[in-house]
Every structure is written in C-alpha cells, then in structure tokens.
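Colleague: Here you go, one structure.
The values are calculated or read from the model by the stated rules, or taken from the named source; none is laboratory data. Note that this is a predicted model, so its numbers are computed, not measured. No Cβ is skipped: glycine too gets one built from the backbone with ideal geometry, and neighbour counts run over all protein chains shown.
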Amino acid sequence: MKNNPFGYSKTKLNWIVSDVNILYRDNVEDIIASRVLAGLKEMMETALRVEVMEYNRAGRHERTLERRDYSNGYRKRHLLTKFGLLKHLLVPRTRKKGYEPRVFTQYQRRWKVIDDWLRDIFIAGVSTRDVGWVMKVLVGRSVSAGTVSLVCKALDTQIILFRQRVVPDAYRYLFFDGVMQKVRSCGRVVKKLVLVAYGIKLDGTREVIDFRVAGSESEREWTMFLNSLYQRGLKGVGVRMMVTDGGRGLLAALDMVYPYIPRQRCWVHKLRNVANYLPRRCQADCLQEAKRIYGAAHYQQAVKRFKRWCRRWRDKAPKAVQCLEKDIEGLLTFFEQEKKLWIKLRTTNVIERMFRELRKRTRPMTHFVNVKSCERITFAVINKYNQKWEDRRYAFFK
C-alpha cells in the first residue's frame, strides 16, 4: 500500500481506528473532565490560601504585629461548576470566624453560570422536574425542581428594578397590545391579560418598555399602566404615532394620558373583526379586496379603493362594511409616515412576534401557578428580546 508507511493491511488499520474511537468515547472525555476538575480544584484552593493569608495579614507560622486572626484548619464543601461537580473543596477557616472567601459567596453551592443555565433551560420550555435531567447530561449532576424554582425567583428583583427605572422620553413610535394568559387564582384558573408597551427609539433601536399582568383590558387597567409610564418620564414629546389593537379600553385610556398623539389602528385586528360579520362563502374575496386598501401606493388611492370596496360589499355584508367604515380614518394614519415604514407601522405585528414565543413557552404548562410565575416568564422573554434588539443590526428604520 503506497500511502501506508507501517505496512498494515486495510483490515488491521480499520481495527486500530475502531479501537481508538472506542477508547476516546469511553475514556478520553472522562479523563479530560477529571483533569480539568482536578486543576480547577487546585487553582481554587491555592486562591483561597492566598486570600486567608491576606485576611490574616500574615503567612503560615509567621509572627507579626499586624496579624489580626489565625488559621483554624479547613472545611470541606462541594461546588457545582460548568465542568462538573467539584468535590471536597478545602475552604480555610479562621479562629475568629471573620474570614469569608471572595472566590464564591458563603453557602454558595453553584457557580452563577449554573444558575443562568437553570433559568435559561426553564424559560426555554423545560419543566422544573426535567431541568434536573438536562443538568445531569450537561454537568453530570442533577438538581431538584425546588432548586430550579428558587433560582427563577431571583427574577423578582430584576422585575422590580425594571419597573422602577426611569423611562427616557426618546421614542418615535409606540405600540400597545395585550396577550391573554391563564393563571391559577384562589383554586381556579382564570384569564389574565398581559399589557405590553413597545417603543421605537429615535436611533431606530427597539425596546419593550414595560408590561403588567392585569385582570382585563378595561379602561381602568390601561389607564393605570399608561399613567405609570407617564410618571416615570414617558411624556410622548417626540412620538410621531401610536399603534394600537383597537380595544375600547386602551383607546379611552389614551384619550386621557396621550390625547394629542396620532394613532394607527392595527389592520390585522380590524380585519379579524370584519371577518366576524362576513358569510363564509364570500369571506375570502371580501378580505382580499380589503387588504388592497392598505396596500395602496398613497393615501388618495387607499381612499378610492376603500370607497370601491364599500360599494361592492355594502348590500352583501352591511355590518362588515360598517365595522371597517367607522374606523377607516385611524386605519390610514400610517400614510403620513415614511413610505419604507408603512409595512411595519400599519399593524402591531412587532409585538405579536414576541407574543408567539411567549405562547410557545407557556403552551406545555397549560396555565401559570400564580401571577408571580406569569411575570417571571414574561419578563424573561421580554428581556431576551430587549438584549437582542440592543444590537443596531435589528434597527427598526432599516
């Protein structure tokens, strides 16, 4: 064999390769992992010994007037890292018990990255019980469902800070919509509405500004939500237009808080309402023609197409025509903005994409166990999108 300097037969070479593969699969990965953990343990224990000497202000057996404490042996503890479980880590103790390691906090049993993994896996849709199985595969150590719940409760502090932050008055467009979620309350499952405010900043970056879990989409609930935004700094001075789903409660609340900002009604929501008044036999044709209204090249053409649509369908579906006719002015507001933004400003689809991911996450759960749980998952999804949108590649004005 020309390319075989060892003189082995093809069958012999295949055996060797097979043996190496088996050795790698069965041993090499385990050997590498054990050596990484051993090296990590040695490095951390060395760092802890240096720390305790700095704390004591003296080395081992060193006599000095600056000494403030004495070493008093070690205590053993386990620490879960992203490389696996670190067993019997020697943590120094002092006689006066004043020393606390900076390498990890007192009573900490997991690296922060492990908590981040637990939270991300749970938010991705894995149940609290199954998260333990996933961690067993990742780091060779399972965690309890209770541990996952405690880790996720840490989001409560982030939610409080998110809602207390000052909202800059630096938005060009605002979108308001809500998504229904099922929440257990007082022994029964009830429907709650998650109210969401989404904004496009002056530089084109996007952001979910805030959200609230409300009992309904009434005027009172929306007014409280909008007032909170206004009091925290969102005066709406630079806002060119607001896009809404068309709910009566929201529109009434906007009349109270932001009465002079132009509004655009969402075409998707409106056409759903129109469809409710249409006979099934003509529903597809009627809606297809209605869509040509917002697809017009300019405002005047849209008005002409609307009038033509009314003439054709008024006798066949009078209630459907009335449904669209009473809100046509608000449906054509987007024509006043830059043409390249029309497709983005005529609906609330920018929020609906996030709602779809939220529904995808909550579908396996059937319902939330309480309002706090609903807030945590909603905030986690929102925070994920906000972090992605911070990148200018996702700028709205592109």
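Colleague: Can you name every residue in region 262-285 that is aliphatic (A, V, I, L, M) and either more than 23 Å from Tyr198 (Cα to Cα) or touching a residue at least 60 places away in the same chain (Cβ under 8 Å) (or both)?
Modeller: Val268, Val274, Ala275, Leu278, Ala284
Colleague: Something else: Counting only residues that are of a type in the set (Lys, Arg) and within 18 Å of the chain's Cα centre (by Cα), how many does region 315-369 have?
Modeller: Counting residues in region 315-369 that are of a type in the set (Lys, Arg) and within 18 Å of the chain's Cα centre (by Cα) gives 6.
Colleague: Still on this structure, I have one more. Starting from residues that are out of contact with any Gly (no Cβ under 8 Å at 6 or more places or on another chain) and not in a strand (DSSP E or B), keep the ones in region 171-210 and report whichever is farthest from Arg359 (Cα to Cα).
Modeller: Within region 171-210, the match that is farthest from Arg359 (Cα to Cα) is Asp203.
Colleague: Of all residues in region 259-303, which are crowded, with 19+ Cβ neighbours inside 10 Å and assigned to a loop (DSSP other than H, G, I, E, B)?
Modeller: Matches in region 259-303: Cys266, Leu278.
Colleague: Among the listed residues Thr333, Thr366, Thr362, Thr348, identify the single one that is of a type in the set (Val, Ile, Thr) and over 30 Å from Arg184 (Cα atoms).
Modeller: Thr333
Colleague: Report, ordered by the first and then the second residue, all pairs with beta carbons closer than 6 Å, sequence separation of six or more or different chains, a first member in region 299-320 that is among the small types (Gly, Ala, Ser), and a second member that is in a helix (DSSP H, G or I).
Modeller: Ala302/Ile293; Ala320/Val274
For (1) in contact with a strand residue (DSSP E or B) (Cβ under 9 Å, 6 or more places away or on another chain); (2) hydroxyl-bearing (Ser, Thr, Tyr); (3) farther than 28 Å from Lys326 by Cβ, each residue gets a yes or a no:
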{"position": "Leu155", "(1), (2), (3)": "no, no, yes"}
{"position": "Met180", "(1), (2), (3)": "yes, no, no"}
{"position": "Val196", "(1), (2), (3)": "yes, no, no"}
{"position": "Arg206", "(1), (2), (3)": "yes, no, yes"}
{"position": "Trp222", "(1), (2), (3)": "yes, no, no"}
{"position": "Val237", "(1), (2), (3)": "no, no, yes"}
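Colleague: From Arg129, Arg165, which residue is surrounded by fewer than 20 Cβ atoms within 10 Å (Cβ to Cβ) and either modelled with pLDDT of 90 or more or under 24 Å from Phe355 (Cα atoms) (or both)?
Modeller: Arg165
Colleague: Here's another thing I want to ask about it. So which of Leu174, Leu195 is surrounded by 18 or more Cβ atoms within 10 Å (Cβ to Cβ), out of contact with any helix residue (DSSP H, G or I) (no Cβ under 6 Å at 6 or more places or on another chain) and at pLDDT 90 or above?
Modeller: Going through Leu174, Leu195 in turn, just one is surrounded by 18 or more Cβ atoms within 10 Å (Cβ to Cβ), out of contact with any helix residue (DSSP H, G or I) (no Cβ under 6 Å at 6 or more places or on another chain) and at pLDDT 90 or above: Leu174.
Colleague: Would you be able to tell me the number of residues in region 236-256 that are in a helix (DSSP H, G or I) and surrounded by fewer than 20 Cβ atoms within 10 Å (Cβ to Cβ)?
Modeller: Of the residues in that region, 6 qualify.
Colleague: Go over the candidates Arg272, Arg280 one by one and state the one that is of a type in the set (Lys, Arg) and over 24 Å from Ile351 (Cβ atoms).
Modeller: Just one listed residue meets the conditions, Arg280.
Colleague: Determine which single condition Ile343 fails, assuming it passes every other condition in (1) within 21 Å of Arg240 (Cα to Cα); (2) touching a Gly at 6+ places or on another chain (Cβ under 9 Å).
Modeller: Of everything listed in (1) within 21 Å of Arg240 (Cα to Cα); (2) touching a Gly at 6+ places or on another chain (Cβ under 9 Å), Ile343 misses just condition (2).
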